[in-house]
1. In which sequence would A:Tyr128, B:Tyr20 go, from the one with the fewest C-beta neighbours within 10 Å to the one with the most?
2. Sorted from largest to smallest, which semi-axis lengths in Å does the alpha carbon gyration tensor of the protein assembly as shown give for its equivalent ellipsoid, taking the root of 5 times each eigenvalue?
3. Counting only other residues whose beta carbon sits under 14 Å from that of A:Arg136, what net charge do I get with K and R as +1, D and E as -1?
4. State, as an integer percentage, the relative contact order of chain A based on alpha-carbon contacts under 8 Å between residues 6 or more apart.
5. Could you work out the relative contact order of the range B:435-533? I mean the mean sequence separation of Cα pairs under 8 Å and 6+ apart, divided by the number of residues, in percent.
6. Averaged across orientations, what area in nm² does the convex hull of the alpha carbons in the range B:92-230 project?
7. Kindly work out what percent of the DSSP beta bridges joining two residues of the protein assembly as shown are antiparallel, to the nearest 5.
8. Sequence gap at least 6, Cα distance under 8 Å: using those rules, report the relative contact order of the range B:10-527 to the nearest whole percent.
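FYI, it's all coordinate maths here, none of it is from the lab. Note that the structure is predicted; figures quoted are calculated from it, not measured. Because the Cβ atoms are built from the backbone with ideal geometry, glycine has one as well, and the counts that use them run over all protein chains shown.
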Amino acid sequence: MFAFHEGGAVPVVDPTSADGVFSLLWLVIALPLAGAAILLIGGRLTDKWGHLLATLLPIGSFGIALAMFVGVLGRDDSDRQVSQHLYTWFETGHLNVGMDLLYDPLSALFLLLITGVGSLIHVYSIGYMAHDPRRRRFFAYLNLFLAAMLMLVLSENYLGLFLGWEGVGLASYLLIGFWQHKPSAAAAAKKAFVINRVGDMGLSLAIMLFFITFGSTSFTVISAGAGDASDTTVTILGLLLLLGACGKSAQFPLQAWLLDAMEGPTPVSALIHAATMVTAGVYLIVRSNFIFELAPHAQTVVVVVAVISILWGAWIGCAKDDIKKALAGSTMSQIGYMMLGAGLGVAGYAFAIFHLLTHGFFKANMFLGAGSVMHGMDDDVDMRHYGAVRKAMPVTYLTFAMGYLAIIGFPGFSGFWSKDKIIETALADNWIVGLCALLGAGVTGFYMTRLMLLTFFTEKRWEKDVHPHESPSVMTVPLIVLAALSVLGGVMLAGDWIVDFLSPVTGVAPHEDPPIPALAVTVIAVAVVAVGVALAWFLVGKRDVPREAPQDVSWVTKAGRNEVYGNLINDTLVVNPGRHLTTALMATDKYAVDGTLTGGPVAIGAVASVARRLQNGYVRSYAFSVLAGGLIVLLALLVVNAA
Amino acid sequence: MDFTKPTIEYADLWPMLVVYGVACLGVLVEAFLPRERRFGVQSLLAGAGLVAALVGTILVGRDLDVLGDGAARGTIDVEGTIAIDGPALFLWGIILVFAIGGVLLFAERRLEGGVSSFAGQAAALPGTEAERQASTRGLEHTEVYPLLMFAVGGMMLFPAANDLLTMFVALEVLSLPLYLLCGLARRRRLLSQEAAMKYFMLGAFSSGFFIYGIALVYGFAGSMQFADINEAVRNDLGNDALLLIGLGMMSVGLLFKVGAAPFHQWTPDVYQGAPTAVTAFMAAGTKIAAFGALLRLFYVAFGSDRWTWQPMLWVIAILTMVVGAVLAVVQTDMKRMLAYSSVAHTGFLLTGVLGVQQATELSDGEITSLQAVLFYLTTYGFAMIGAFAVVTLVRDSGGEATTFARWQGLGRRSPLVAGLFAFFLLSMAGIPLTAGFVGKWAVFTVALSAGAWPVVIAAILCSIVAVFFYVRVIVLMFFVDGDPAPGGELAVVTRPSVLTSATIVVGVAATLVLGVVPGPVLDLAGHAGQFLR
């Protein structure tokens, strides 16, 4: 079996060096990276064939990933971690940060998801972006994103992971703002970038703390030494990692950027903001299991954040009329489930990853389906303008329906297996958490049914000049593949395969008898979902849907439409104090200094005269500031050293 | 009283002496050569002198003596007044590299249509007949090259000074030529002269603090030499007030030079008013030299009792970062924005100064604060000089267009130049795979391992704010449509000569290489070892 550190339940990372098919590991990243480079540097020369090349390269990566997956299946449990040293990033004294890659069961699954779903979305984009004048650039950014995302999940140390982390952030920024003619898109891109930096702050502090505590950022070293660190240190590390995860995965309280990010082209929403990048936070926590297992308090915080996000996202999903924003709320909620699984520790890690994979299938499927609907509806995103689209777009409808059944957890579909496992584990851990997760499942049933009814059923509400039509096959084939995966994804759980496969990374949970039989949990969960679906049928399906959103609605709906006031909270707590600080500093910088000398006209119209005097601050006020600063320095020295 | 002739170790000092020698030669060239031949001779002379000094620095650095336990290398020369040690030579090296960049930018004549960006005749009042004549006759000031060389000489002496008086002399030698250079802009001369005047007056004011502090510290220690002061501090002679006030006043002088808050206010005005080539050179060179001196003063002279001054620096560092980052957000002028961002960088560098100094206090593999700061200075210098070099290219009919409104949509019109500028900004913001990331990472880590976590948290928060204003510029260049305001025009990129292009290309290459393989330069900084005591 594999090595454990003392007293821990989690295996130590202890890779062997790469050989055979695994020596191609670097190529998985290099292929899409080369694609991005060729398309960006080649410029207009590559306009004609660039998108095809950019699609073939990820398919190549997928091929390698598949070969390696088969290779790793043929190995013993203890031999399933492989690392490859690319080059030394820093080396100074004994500090050595290498560009090392790590291939283990966890990254194996991510590799398949990223390259597989990524390739499908590239294919889809060939159709979706066919008429966009900047198509080449779009594909270049997509390839750049894939390379960064693969770096994130393949790196053997936190610094390399951070490189990928920032890389996906950059690519996401470029792609959200891709339609730069829309000011809203540019604003959304900026917002995503800034909020993500808050999370990145947590991650970068964590990395520095790793470095100071363990003298390294490598998973191998840290997982072996984690047992020796103090409880406080690991708790702080856990919380900092969680902050990083919240930013990237749009979890409470850093969720506000995800809905705005829907300004990007729909394939981007499917790939980055549903299937892969936003799940990086879950990856981070599962990957850092050797820290979280030693930090139970941090795990509790993960669970709390997860539960809030599940309900918060679901609430938003219920009220939005914009099909992509409703799906985005749902994404936040579903990632909450994965976080919940990850927060539950050894018992939940594998299920978190399982749900992550199935969600990657069905959510990508539904986003692409939504894109297909928008494609047919002249890029209208308001579901109140849809209705009865199923007749015009049968393939989109059928594939979307598979995703729908998967996400609500219809028995037998992939989401059923994965969500059920998380709810079951949560109930076994803490019944309040379990009940919240159950409630979330019911609300999921409600908002997804509402979305389904508004879009594909009820009577048609389109404008006369809109002619919905089925999308070309280059778009529908990926939909069909993803729909198949949404249906069959549950097969990974057969015989607990995924749990066993991931055990070299996540450890093995001790077997305990659940307080409530698993079958009972399943039945209850299905019943709760059925209530949600029925509610949606009575509230939406049986009534007339107005083309304009009614304004006299309950506060619950209003709050949901306003994203549960996430932006208001951010503005009140962060943005406005920041503005005040800036104004105050500007005033101090230019006026207070002067004002203390000449009386108090500072207060009157200080801001108005800022503009006038901005260029020509007075030397005397600067000199006064130097003097005052000198006094501060002296006082600080004297006070500190008086003792 | 006998007079003993001081020993001067020419073999160690010659790189610096070359710089001073070329500066003096430049003055002679001004006096004896006909006007039309001066430009070529002066610029070649300055360039050759700097390259020779750089080669000399490398040669001297290669055979420095390793001392005692191997933590430091070098010798103390000229009767104990100048320390030629690893850190000093490292600083010399980067100062000379950036000075070469400065000369290249100074010599750029294509952007202004055949003349340099310096005033034709500085003595002519703006808007007068004399000024018009000077510009129609195509006059230019070639004195800028000797001035630059004197400033470089001062910058080299400053971090190498090993006693208080030498340090003061170096401070003045580096500052006076810069005051003059700042006032020599060809365009917007009033702004430029005002900047020079302000810089001079405030510089003189802060020098007053510095020299007063020197007097007090001398009163405390009874010696000008750092080693003796260190001894006095260690033995705690009991006259603390003298030491503390002296230390505080000297800090004011140095913190003014590095542009730390609340002594930063000259920075935006001077960076904006000075000719951009001067700003580029000054932003990189002055900060490097002043940080070198600050490190030596605090680590060598006051190093044995760092808890006297560390709390003060904590406060200054946090204040500097907050002021720099927050005020940069509200700027609407590219040069002012870069100036405030340079204030924020001062704060980040001060964070590094707070780190652990002695390699013996560290576990294996950790880097010392000196190493981190030296590396950060290198990355900062390349990004700053490159960014300001790009600013010289972006012009409208009135010369350089530095207001944000003019930069709208520049990424559409000149994707290459805008892309390079964006790359420099990303490095300043500390995005991975750029030099700035490794630099920030290094200084934050050393500060954290010295327990300065409140400063590090403030630093990370400020770097988030900083990302915001850098990204704002990138958005402006790439994502905003170029609709000029009524009556306004949009800036375009003017094609420069090979001189400016070379500076920018080297800046980009260094920023990329230091981000991807920072090892060799980090090693070199580590190899430089500690300051000599």
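1. B:Tyr20, A:Tyr128
2. Rounded to whole Å, the semi-axes are 57, 34, 27.
3. Every neighbour counted, the sum reads +3.
4. 13 percent
5. Computed over the range B:435-533, the figure is 50 percent.
6. Details: hull surface 37.4 nm².
In nm², the orientation-averaged hull projection of the range B:92-230 is 9.3.
7. 90 percent
8. So the answer I get is 14 percent.
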